[in-house]
Amino acid sequence: MANPEVLSFFVSRVSSWFKLNGRPLPWRLNPTPYHIWLAEIIFQQTRIGQGMDYYTSFIARYPDIESLSKAEEDEVLRLWQGLGYYTRAINLLKTARIIASEGGMFPSDVETLKKLPGIGPYTAGAISSIAFGRKEPLVDGNVQRVFSRFFGLKIPVNDPKSQKILYRMAGEIIRMAEDASAHNQGLMDLGSTICKPLKPLCERCPLHEACIACVEGNVDLYPVKIKKNKKIDRFIIFGYCTDEGRIAIQKRDRSDIWKNLYQLPLLADSFNSTTIEQYAFKKSLLFSIYNTTHQLSHQKLHIGIYPVEEDFLISNKVNYTFIDFSMVQEIAFPVPLMKFLSSIPKSKSF
Ligand code: SF4
């Protein structure tokens, strides 16, 4: 950890910069726990510009925890529509109901806050420090970046093991702050408006005289991140075989992607090709009826669907069973196959 003088420079500069330059965000006018919580949940995966109308609509419709707690889930989801990550909205309502049922007051301590649905360490730290002024740390991508550059940290910030270290640092730092609310909001704003991921505005930064990355002229080297493995390409060919309103399917049962889901009869599957067309050609399959790509966490799937006769499945020893086409919607298929099956008229032959 850096020496106390550096830490005290960091703390005093961040807080005083915030008091003069903090963004005038609506929840800051009256930073109640309800306002801070709502803003933190809405802006978790969302940029300020994108989420502002949602924040305004929520506050207009549900001005306090009591009114939100009485809302119907469908109503909350409709207001949330377009924002994505719908679990956030469901948890928002669950938490509102819990708090309302216990008297309507938010807890101020982090450990109790973290027990509420949808509230993780970051949101708990934000509510506790900003709304209640408690000296609680928070660490998000903005804070990671400022810390990494200012202190010249060599630990990879996207390694889960680094989170503990960063939280410990943030905890030691905030204990030195006179105003925990200003300090944490200052870190958030500094990270998003000055110490930006690309081309940080170091000349306007209150920390630049002592910032290791800036002084050494290598801000681009921070934050250090573990390189994620490049996704590998995988080529998968399915057969489309229908017979009088029925379609051939099979169950995936190997320990692999989509385990236990259903699929169209699998004709070929390989990591060794450059295009799906090339791969299909090698298998003597010429005219696909559907091609798509699908991203998984470690693989990029190239999928081709080719019309085949039942004789082809039998002669190539492909397992299959026919189901009535009307049952397709009731069976669990992987997303790309479900998209294909939803896009074709029932039992279409090619
Ligand atoms: S001086 Fe530059 S790199 Fe250092 S904290 Fe400020 S903006 Fe970030």
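Derivation of every value follows stated rules applied to the coordinates shown; laboratory data play no part. Everything numeric in this text was worked out from a predicted model, so none of it was measured. Heads up, the Cβs are rebuilt from the backbone with ideal geometry, glycines too, and the neighbour counts pull from every protein chain shown.
DSSP beta bridges confined to the chain are antiparallel in about 65 percent of cases. Region 232-343 gives an Rg/Rh value of 0.93, both radii derived from C-alpha positions and Rh following Kirkwood.
When the helix-only estimate is applied to the chain (DSSP H runs of n ≥ 4, each -39,500 (n - 2.57), divided by the residue count), what is the mean residue ellipticity at 222 nm, nearest 500 deg cm²/dmol? Spell out each step's value before the answer.
On the way: 16 runs with 148 residues, N = 350.
The helix-only estimate for the chain comes to -12000 deg cm²/dmol at 222 nm.
Ranking V110, L153, A170 by how far each Cα lies toward the positive end of the dipole of the chain (charges on Cβ) leaves L153 at the top. Once you reduce region 148-216 and region 255-270 to the center of their Cα atoms, the two points are 46 Å from each other.
Given contacts defined as C-alpha pairs under 8 Å and at least six residues apart, what's the relative contact order of the chain, whole-number percent? Worked out over the chain, it gives 14 percent. Note on the chain: along the principal axes its Cα atoms extend 79, 54, 30 Å, ordered by decreasing extent.
Under the 0.36 nm per residue contour assumption, what length would be gained going from the current alpha-carbon distance of F271 and K228 to full extension? Don't skip to the end; give the middle numbers.
Values: separation 43, 0.36 × 43 = 15.48 nm, distance 1.92 nm.
Difference between extended and current length: 13.6 nm.
Within region 201-238, the GluC sites (Glu not before Pro) that combine a DSSP coil assignment with at most 13 other C-beta atoms in a 10 angstrom radius are E216.
Inter-label distance, K19 to K339: 5.3 nm, where each label sits 7 Å from its Cα along the C-beta direction. Taking one quarter of the surface of the C-alpha convex hull of region 142-205 gives a mean projected area of 4.6 nm². Between T242, N319, G191, the Cα set farthest toward the positive side of the dipole of the chain (charges on each charged residue's Cβ, about the Cα centre) is that of G191. Given +1 at the Cβ of Lys and Arg, -1 at the Cβ of Asp and Glu and no other charges, the dipole of the chain around its Cα centre is 800 debye to the nearest 20.
Where in region 23-130 are there GluC sites (Glu not before Pro) that are in a DSSP coil and have at most 10 other Cβ atoms within 10 angstrom of their Cβ?
Details: sites: E40, E66, E72, E73, E75, E102, E111; in loops: E72, E102.
Listed in order of number, the matching sites are E72, E102.
When each pair of different Cα atoms in region 92-161 is counted once in the 1/r mean, what is the Kirkwood radius in angstroms, to one decimal? Here the Kirkwood hydrodynamic radius works out to 13.6 Å.
A DSSP coil position with no more than 11 other Cβ atoms inside 10 Å describes the following trypsin sites (Lys or Arg not before Pro) in region 247-350: R254, K259, K317. With the charge dipole of region 4-221 set up from +1 on Lys and Arg Cβ and -1 on Asp and Glu Cβ about the Cα centre, the Cα lying farthest toward the positive end among the listed residues N91, I130, G120 is that of G120.
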